[in-house]
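The values are calculated or read from the model by the stated rules, or taken from the named source; none is laboratory data. Note that the structure is predicted; figures quoted are calculated from it, not measured. Every residue, glycine among them, receives a Cβ derived from its backbone with ideal geometry; neighbour counts consider all protein chains shown. These area figures cover heavy atoms from the full protein model, side chains too; ligands, DNA and RNA do not enter into them. Shrake-Rupley method; radii C 1.70, N 1.55, O 1.52, S 1.80 Å.
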Amino acid sequence: MSSSIAEPVKALRPFSNEPVADFSRPANREAMEKALRDVRAEFGREYDLLIAGRREKSGDLLKSVNPSRPGEIVGVHNKATAALANEAVEAAHAYFPRWAATPPEVRAETLLRAAAIFRKRKFEFDAWLVYEAGKTWPEAEADVSEAIDFCEYYARQMLRLAKPDPLLQLPGEHDELVYLPLGAGVVVPPWNFPLAIMVGMTTAALVAGNTVVLKPSSETPTIAAKFAEVLLEAGFPPQSFSLLVGSGSVIGDLLVEHPKTRFIAFTGSKEVGLRINELAAKPRKGQIWIKRVIAEMGGKDAIIVDREADLDAAVKNVVWSAFGYQGQKCSACSRAIVDEAVYDQFVDKVKGEVGSLKVGPADQPENYMGPVISEGAKRSILDYIEVGKKEGRLIAGGAEGAGDGYFIQPTVIADIDSKARIFQEEIFGPVLAVTKARNFDHALELANDSEYGLTGAVFTKNREKIRKARDQFFVGNLYINRKCTGAMVGAHPFGGFNMSGTDSKAGGPDYLLQFLQAKAIGEKIS
Ligand code: NAP
């Protein structure tokens, strides 16, 4: 693992992805086992709200549980009242001019220190993700590594944007473009990348010079509380952000509608994203700007398996994409669209592969799949499985898993029509629909038959078909002959088309521009 000391911005190396720990190495296994024990010893602790540096107890408590063993309380959190939510936006607005005036180099250095702290506490964060989000060890490690990547990458991007490309210089003028932050923003992440997405959206906003009211998911508030510790230790001013645990349905509208909210960065479901977009569009009394909404939403991602594909590779990658983190990734493959020439073979092979996946508590490293996030999610997914059994042919799974946790068997349902609900609706669980295509063109047509457009993949050895997919497969993130999950910061800027969102391309060179506004200055000099 790399050093835990942040690099000075003047001698910064080019960005590279954080290496993920290999848990087959005894030293890493032992370190992870120790982190799990240490984190478990902190179970049940009470956490305060953090309003621009002030610690607050509302007395209205939210208990976050371990989805692998729901009897275990991971953390107890004070929930924000409407008055505290209001105060958090006012405080962010009041402090904004000071933070905006802090030199970009200082903001970037602070963010690099945050990356170094995450690196030092990596296994500890892995363990929180295992216990609070039900991530298996490798999934947790990938999430924490991505969080580090976002810090490292956005720090560098801010340094780049602090010195924009020179403009055309008109005769007798000095012409310049500078980027300014927007103001006080509300950041609303989901639970499924409880560290990476939260860190990415929050630190992009902060390093660009904005202040932030962070409302984490109610499923993963302890991870958010630990992130707040990192921000403070790194040196972000306590007034530059608030941590506002609380139910989205109770304080969400208030935060979005507040006239001093300048922007909302949201990642989550289509329903909530569209609601935020609609509420944010209406100007409120005293509001003097159009609120900017960055909304990254759901997916119904397809992998096309062509008759000219390496079938074994396709099967493995479909299974990884469908069942990694229990299918609870916006990028998860929930539709396999398979050429009729290899369809039966594909279905047989997928059945064999899925049969070997072990499901159980996420802290036990032999399990490939842990629990889904909550009792509510489990019920909704099982309902979809019942719908799917009527819409197609059950190939694997189809029921809950053994044990007290929110376990569901990896489920595959074949012969699904494109009008079927399980072909069109986001289930967000371990359910794969398999559909037969007449040929490659038909497969592309089926893949595009969706209101979403987030990720997609194609397995084929045929260059002409690859070219066609590049032109016609309408998704924000297209992959060829690899899985459709696992976007890497810097290499796969992430964001979707259609109802998948505003295509903000997290982890890409344009992402910080969403948190900035450009000012052009022309000065007459002769
Ligand atoms: P969600 O139910 O939409 O919740 C997301 C966040 O919104 C949570 O923090 C939630 O808080 C909050 N919220 C709920 N109601 C709100 C309201 N009225 N106003 C403001 N905020 C509100 O989504 P989720 O279940 O956490 O996450 C799963 C979804 O995220 C899936 O659809 C998945 O595809 C999508 N996702 C998309 C991407 C992407 O990059 N496109 C990445 C990851 C996930 P509470 O927890 O308190 O309700």
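Structure notes:
Quick grid of which residues meet (1) within 12 Å of the ligand (Cβ to nearest atom); (2) in a loop (DSSP other than H, G, I, E, B); (3) under 17 Å from the mean Cα position of the chain (by Cα); (4) crowded, with 24+ Cβ neighbours inside 10 Å:
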position: Val178; (1), (2), (3), (4): no, no, no, no
position: Val186; (1), (2), (3), (4): yes, no, yes, yes
position: Val199; (1), (2), (3), (4): no, no, yes, yes
position: Ala224; (1), (2), (3), (4): yes, no, yes, yes
position: Val230; (1), (2), (3), (4): no, no, no, no
position: Glu233; (1), (2), (3), (4): no, no, no, no
position: Val250; (1), (2), (3), (4): yes, no, no, no
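- Test: Lys389 is under 14 Å from Ala414 (Cα atoms) and touching a residue at least 60 places away in the same chain (Cβ under 8 Å): no
- Evaluation of Gly246 against (1) under 22 Å from Lys57 (Cβ atoms); (2) part of a helix (DSSP H, G or I); (3) not hydroxyl-bearing (Ser, Thr, Tyr) (one fails), failing number: (2)
- Meets criteria (outside any helix (DSSP H, G or I), within 30 Å of Glu124 (Cα to Cα) and either in contact (Cβ under 8 Å) with a residue 60 or more places away in the chain or open to solvent by less than 30 Å² (accessible area, probe 1.4 Å) (or both)) for Val372: yes
- Restricted to the range 268-299, and to residues there that are assigned to a loop (DSSP other than H, G, I, E, B) and within 10 Å of the ligand (Cβ to nearest atom), the residue that is farthest from Asn210 (Cα to Cα) is Gly299.
- Residue that is of a type outside the set (S, T, N, Q), assigned to a helix (DSSP H, G or I), in contact (Cβ under 8 Å) with a residue 60 or more places away in the chain and more than 10 Å from the ligand (Cβ to nearest atom), where the choices are Ala313, Ala265, Ala302: Ala313
- Restricting the first member to the range 211-231 and to residues that are without any contact (Cβ under 8 Å) to a residue 60 or more places away in the chain, and the second to residues that are part of a strand (DSSP E or B) and more than 12 Å from the ligand (Cβ to nearest atom), the beta-carbon pairs closer than 7 Å and six or more apart or on different chains are Leu214/Phe241; Leu214/Ser242; Leu214/Leu243; Ala224/Leu243.
Yes/no matrix, rows are residues, columns are (1) within 13 Å of Ile304 (Cα to Cα); (2) open to solvent by 20 Å² or more (accessible area, probe 1.4 Å); (3) at pLDDT below 95:
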position: Ala443; (1), (2), (3): yes, no, no
position: Leu454; (1), (2), (3): no, no, no
position: Lys461; (1), (2), (3): yes, yes, no
position: Glu464; (1), (2), (3): no, yes, no
position: Lys468; (1), (2), (3): yes, yes, no
position: Tyr479; (1), (2), (3): yes, no, no
position: Arg482; (1), (2), (3): yes, yes, no
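- The residue of the range 320-339 that is farthest from the ligand (Cβ to nearest atom), among those that are surrounded by 24 or more Cβ atoms within 10 Å (Cβ to Cβ) and of a type in the set (A, V, I, L, M, F, W, C), is Val338.
- The residues on offer are Gly486, Gly496, and the sole one that is under 24 Å from the mean Cα position of the chain (by Cα) and open to solvent by less than 10 Å² (accessible area, probe 1.4 Å) is Gly496.
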